[in-house]
């Protein structure tokens, strides 16, 4: 039974973006090829970044006689990436999955259910770890001699690294599940903690180059500290560099023993953890007047509640809004850095139109990363029949989803534009364009995302994360949005000698608004019939 459950989890993992799965249709070969090409491209880009850093470290560590430290650093980076990728996922996948009670009602051992879920996390971590381990191995083969047993130890150790990451993430996921079950506003708390974690991650990534330089300059001292503080990293490094048998055995035990302990403890308490309903204090009823609202207002409130109640929805679909404000605040504080990078394009000078164009491009990229409407139909899931059974017009249902996107994203766009315009001392015309172009891109994303979700709905999800992150509509909405910005930038480069920046920006706004109007007309007509034909 365990192998069958693992097979099911693996198939779910490999299926990934199953946009038409709810209609029992297989994805076309063209869609599979497009998604595969995108995934491979992103993986190669990330692997190339890590390869660049490893290419700096490997010769320096070999010359210093601490080659093991190179593998230790690769292992630590791999572990960190796996842990970061699975710590929040473990809470929802292990303890809060929607099919937990269904599986527990069947003649299946809880340990088998837990084992299949932890195996899925291990497989996911293999994908994360490969982005680090493969470049590290290739760079070592290029820059240093390879010992046969060291190569075997490196490969086997790399396959075992995700086990200790999953063990720790499972315990942290258990703690997150316990903590979130005891607070009322757990969605807000989870979102805030995730944003803080993201800010720390981005800050750390921005300092990565300086950290690598410090590692190279002070390799021996840092290596000695790592050897004392993180023995498994030392064992992995020595086993991979020189083929040490004892170190290899110790590293294998350091990976498998914590995993076995975590599995045994959680398996013994799995049924109690997943079925306990801790609840909250009962709210004392207070008589008050009931305020009625119109159909459209009620539908819009429903969309707001869904967005604010789901941390996964807010973080994945609304991250572009955070980047908008971060960009605006950063440019307001770091004007000197802007002038240092772009030289003669001094804010407030004669080249203000070029500055406006650059800022419009940045804000438009943030706007197309905001995907609130793209999974909004898919999130109805198995509850779609409820929405279809109430006496409301389909047009109002769909417009509420688009308006939810607009009313959340447009204020962010306008505020960010105003902050940047004030910081850069742009004139009235440039300020108007800086507000208009990102706003038109936001309108385009609202209607195009809803259009794509009607074309590629994913209604058979078990966890809303898959509807938000793995839906084809979300992928295509981001690709089309980013592609439109890139195309407009390239067109201006080609036409810069023919057309001025201000006129071109105005045409860009018209371009987005025309596409938005076309998507709007589709949604009001064929889109309504498409929504009504979806399987409830």
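Just a few scattered comments:
- Relative exposure of 147, 272, 286, judged by other C-beta atoms within 10 Å (fewest first): 286, 272, 147
- Ascending count of other beta-carbon atoms within 10 Å, so fewest first, for 533, 484, 496: 533, 496, 484
- Extension gain from residue 149 to residue 101, taking 0.36 nm per residue of separation minus the Cα-Cα distance: 12.7 nm
- Placing a label point 7 Å from the Cα of residue 333 along the Cα-to-Cβ direction, the residues of the stretch 401-431 with a backbone N closer than 15 Å are 420.
- Each of the peptides 36-48, 402-414 was scored by the mean count of other Cβ atoms within 10 Å over its residues; in descending order, highest first, they stand as 402-414, 36-48.
- Counting every other Cβ atom within 10 Å of each residue's Cβ, 101, 241 order from fewest to most as 101, 241.
Values quoted throughout were computed directly from the atomic coordinates according to the rules given, and no laboratory measurement underlies them. If you're wondering where the values come from, they're calculated on a predicted model, not measured in any experiment. Every residue, glycine among them, receives a Cβ derived from its backbone with ideal geometry; neighbour counts consider all protein chains shown.
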